[in-house]
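Beneath this line is the structure, given in structure tokens, with notes to follow.
The values are calculated or read from the model by the stated rules, or taken from the named source; none is laboratory data. None of these values were measured; they are calculated from a predicted model. Note that each Cβ is placed from the backbone with ideal geometry, even for glycine, and that neighbours are counted across all protein chains shown.
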């Protein structure tokens, strides 16, 4: 008699994680480093990408652009002559507030993985649910604008905890804000001790070199692991 | 023979709407005007409330404060000596990204409705899901910070469509931003033609009188309907 094997699905996100692993296998096979870019609405993800992708040398980049509806950001990035695929989450109600692994998978047929070194997945602007869904990425960047206030790491801890890099954007506005950068960084360390951080201004270009170097390092790690 | 009556539940949000109506009945009975305050993270909802509630005369206000975790905002508002009830949505994963009618209902026992003229429900910072869930409110305010960019009404249309007032905050920063206010307002009108709008700076106090007048008007309408 064979013993019956019982397998309990332990995690409500199990289906998502299964598909995320399948995505990751595809990315690994193609030797593409994948970065999940997350932030609140209007933190400057797309403008940062315009800056960074416009100055990448030696790395072939592509973008998977997540939005509830429309293709405003994808249209902006297409002018940089990188492959951009728009993924709209909006059907029914107000649209999905995040990307999940299956949505990303549904778009992979359109992404020319064989021609890329790095794929940036720009998530829907939201500080909650995107942090809950892996999509097969190698690393996650969380962009926080200084205009959003010092308390955000404490109010949205999972987002700050679930990332490998915190980009603090719009620092050109610091002189005009009541924003205590040390206090903010203290809060970041409270939820994700020692997580790397880069200060940027997508407007002036400050910090863009550091962000580019970080992307190159992620890409080099993926190539080395292949 | 009796004819069998078939009732089809038409709307996946039906349960939420049922509870929202029950909340509304309670609010109406108490003669309390209820406003659902929504925005992206860091748009300035709490600072606006500090300004407005600190200067309300003749209206007794209370706040139901929605956050994933912590009570940072509630603590700030409590110093204004208005009744503040904290409602945390965070359990499991990263927490619920919005308030729904049942969450609000679960907190009503703590809210002294009999002592209030206006109850402000400060929603979780998110431009997507809060717009999908009525909680029994009389009106909804959507706060958009000028630092978030001109394209937000087009990217998060349901949020801008589901409100009775758009507050455009942080206008003190306009001289330091590449933000075309006319273009933003044009986008607002594209998704919600003619919706009332108030320009504010929670920092300088500009526009706070107008916001207070708007709240008084909503309250007067509720009293008149009672």
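Quick notes on this structure:
- Evaluation of residue A:50 against (1) within 22 Å of residue A:156 (Cβ to Cβ); (2) under 15 Å from the mean Cα position of the chain (by Cα); (3) within 14 Å of chain B (Cβ to nearest Cβ) (one fails), failing number: (1)
- In the set A:128, A:222, A:195, only one residue is at pLDDT below 95, touching a helix residue (DSSP H, G or I) at 6+ places or on another chain (Cβ under 8 Å) and over 23 Å from residue B:147 (Cα atoms); that residue is A:222.
- Among (1) out of contact with any helix residue (DSSP H, G or I) (no Cβ under 9 Å at 6 or more places or on another chain); (2) touching a residue at least 60 places away in the same chain (Cβ under 8 Å), the one test that residue A:56 misses: (1)
- Candidates B:140, B:183: the one that is surrounded by fewer than 24 Cβ atoms within 10 Å (Cβ to Cβ), in contact (Cβ under 8 Å) with a residue 60 or more places away in the chain and within 14 Å of chain A (Cβ to nearest Cβ) is B:140.
- The range B:87-123: number of residues that are within 14 Å of chain A (Cβ to nearest Cβ) and closer than 19 Å to residue B:140 by Cα: 7
- Members of the range A:103-136 that are in contact (Cβ under 8 Å) with a residue 60 or more places away in the chain and within 27 Å of residue A:186 (Cα to Cα): A:122, A:123, A:125, A:126, A:127, A:130, A:131, A:132, A:133, A:134
- Residue in the range B:194-204 that is in a helix (DSSP H, G or I) and either touching a strand residue (DSSP E or B) at 6+ places or on another chain (Cβ under 6 Å) or surrounded by fewer than 17 Cβ atoms within 10 Å (Cβ to Cβ) (or both) present: no
- Test result for residue B:62, touching a strand residue (DSSP E or B) at 6+ places or on another chain (Cβ under 9 Å), touching a residue at least 40 places away in the same chain (Cβ under 8 Å) and more than 22 Å from residue A:40 (Cβ to Cβ): yes
- Residues being surrounded by fewer than 17 Cβ atoms within 10 Å (Cβ to Cβ), over 30 Å from residue B:190 (Cβ atoms) and modelled with pLDDT of 90 or more are represented in the range A:30-43 by at least one member.
- The range B:145-160, residues that are touching a strand residue (DSSP E or B) at 6+ places or on another chain (Cβ under 7 Å) and either closer than 21 Å to residue B:119 by Cα or within 7 Å of another protein chain (Cβ to nearest Cβ) (or both): B:145, B:147, B:152, B:155, B:159
- Pick from the range A:86-103, criterion touching a helix residue (DSSP H, G or I) at 6+ places or on another chain (Cβ under 6 Å) and buried (at least 18 other Cβ atoms within 10 Å of the Cβ), ranking: farthest from residue B:159 (Cα to Cα): A:101
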